[in-house]
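S.K.: Dropping a structure here in structure tokens format, bear with me for questions.
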Amino acid sequence: MRQPGAYSNLLSGGKTGPHSLPLARIKKIMKKSGEDVKMISGEAPIVFSKACELFIEELTRRAWAMTLQRKTRTMHKEDVAAAVMETDIFDFLVGLVSHTPNPSATPES
Amino acid sequence: MVDSIGPNHSNKQRGFRSNYAVSGGGGGDEEEGAVREQERLLPIANVGRIMKQILPPNAKISKEAKETMQECVSEFISFVTGEASDKCHREKRKTVNGDDICWALGSLGFDDYGDSLKRYLIRYREAEGERLANQNKAAAAEAAAPEPLHFSFDLMDKRRI
């Protein structure tokens, strides 16, 4: 079961400071995005930390609309995939959501 | 603040990532693969918390939905960084900065994000300037200095325009 208390201590405790996403990890992901990404200013991961929040919020909102269409209250990955399919700016995710295997141990058909 | 080059294990494949340890390639060690998986995703706890915050209290989110979101966010970061990096390359600059990220967001269709974040970036730079000025004053005075500014921006109001 979810224990938000434990997690929010971690988050506000100082590892991530006032940002809700770990800056070092963001920087790592940025560096892996291409050969020519060599130098990243200190503020770039901070901007991304907020941008990612906005992104997660938007995709979550749209996915939830799909969940409601199924008349249920549990969001599944199919809802996230459906939200991607119907939103132009999420086109770059189409390949990802079509190919991500189901982590519940059943092999993808 | 600028970071120097570290070892770059860039993965040019975009959009076809497995949720499991290393797939394809030269038979990588599963444990190693699992560690690498962790490094290319944002923590599921953080991602899940952001998702939960904007949903109604009785909403439930399956683990696989959170995992899918993790993958999407990493892809988002790569996608936007690539665009920002291309711009720097065209302009013969070596460092990707916050303005480049804001520009890339706008260029890729995330106009709303770009606008909010430009304001955020201005406030961040102002706060940083003040913080550094305070630190310098403290160092110069060698007296008990005021606490450095803890900037904590809440975009809650701005986000929903």
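The values are calculated or read from the model by the stated rules, or taken from the named source; none is laboratory data. Being a predicted model, the structure only gives us computed values, none of them experimental. A quick note on method: Cβ atoms are made from the backbone with ideal geometry, for glycine too, and the neighbour counts reach across all protein chains shown. Surface areas here come from the heavy atoms of the whole protein model, side chains and all, with no ligands, DNA or RNA. Shrake-Rupley method; radii C 1.70, N 1.55, O 1.52, S 1.80 Å.
S.K.: Inside the range B:104-122, can you point out the residues that are among the polar types (S, T, N, Q) and either touching a Pro at 6+ places or on another chain (Cβ under 6 Å) or under 18 Å from B:Cys88 (Cα atoms) (or both)?
M.R.: Correct list: B:Ser107 only.
S.K.: Considering the range B:91-106 alone, what residues qualify as being at the interface with chain A (Cβ under 9 Å from one of its Cβ atoms), touching an Asp or Glu at 6+ places or on another chain (Cβ under 7 Å) and assigned to a helix (DSSP H, G or I)?
M.R.: B:Gly98
S.K.: In the range A:50-99, what residues are touching a strand residue (DSSP E or B) at 6+ places or on another chain (Cβ under 7 Å) and open to solvent by 50 Å² or more (accessible area, probe 1.4 Å)?
M.R.: Hit for the range A:50-99 is A:Arg73, nothing else.
S.K.: Could I ask something else about it? Is there a residue in the range B:83-91 that is out of contact with any Cys (no Cβ under 7 Å at 6 or more places or on another chain), farther than 29 Å from A:Leu96 by Cα, modelled with pLDDT of 95 or more and not small (Gly, Ala, Ser)?
M.R.: yes
S.K.: Looking only at residues that are free of Cβ contacts under 8 Å to residues at least 12 places away in the same chain and hydroxyl-bearing (Ser, Thr, Tyr) in the range A:61-82, which one is nearest to the other protein chains (Cβ to nearest Cβ)? Break it down into steps so the answer makes sense when it comes.
M.R.: In the first step, residues of the range A:61-82 are kept if they are free of Cβ contacts under 8 Å to residues at least 12 places away in the same chain; the result is A:61, A:68-74, A:76.
Okay, now just the ones that are also hydroxyl-bearing (Ser, Thr, Tyr), so A:72, A:74.
Values: A:Thr72: 9, A:Thr74: 4 Å.
The selected residue is A:Thr74.
S.K.: Checking the conditions here, which among B:Gly109, B:Gly114 is without any contact (Cβ under 8 Å) to a residue 60 or more places away in the chain and part of a loop (DSSP other than H, G, I, E, B)? Before you say what the answer is, go through the steps one by one.
M.R.: Details: B:Gly114 fails: part of a loop (DSSP other than H, G, I, E, B).
Only one candidate qualifies: B:Gly109.
S.K.: Which residues, counting only those in the range A:14-40, are assigned to a loop (DSSP other than H, G, I, E, B), facing another protein chain (nearest Cβ under 7 Å) and open to solvent by 20 Å² or more (accessible area, probe 1.4 Å)?
M.R.: A:Pro18, A:Pro22, A:Lys32, A:Glu35, A:Asp36, A:Lys38 - these are the residues of the range A:14-40 that are assigned to a loop (DSSP other than H, G, I, E, B), facing another protein chain (nearest Cβ under 7 Å) and open to solvent by 20 Å² or more (accessible area, probe 1.4 Å).
S.K.: When both residues are 6+ apart or on different chains and their Cβ atoms are under 8 Å apart, which pairs have a first residue that lies in the range A:41-54 and is more than 7 Å from every other protein chain (Cβ to nearest Cβ), and a second that is open to solvent by less than 10 Å² (accessible area, probe 1.4 Å) and in a helix (DSSP H, G or I)?
M.R.: Hits for this filter: A:Pro45/A:Ile26; A:Pro45/A:Met30; A:Ser49/A:Ile26.
S.K.: Among the residues of the range B:41-62, what is the count of those that are over 23 Å from A:Lys28 (Cβ atoms), assigned to a helix (DSSP H, G or I) and facing another protein chain (nearest Cβ under 7 Å)?
M.R.: Number of matching residues: 1.
S.K.: Give me the pairs: first residue in the range A:85-97 and more than 12 Å from B:Phe76 (Cβ to Cβ), second residue among the β-branched types (Val, Ile, Thr), beta-carbon distance under 8 Å, and six or more apart or on different chains, which are they?
M.R.: Going by the 8 Å Cβ cut-off, the qualifying pairs are A:Met85/A:Val94; A:Met85/A:Val97; A:Val94/A:Val84; A:Val97/A:Val80; A:Val97/A:Val84; A:Val97/B:Thr68.
S.K.: Additional query: If you scan the range B:42-60, which residues turn out to be within 14 Å of A:Cys52 (Cα to Cα) and buried (at least 18 other Cβ atoms within 10 Å of the Cβ)?
M.R.: Correct list: B:Leu42, B:Asn46, B:Val47, B:Gly48, B:Arg49, B:Ile50, B:Met51.
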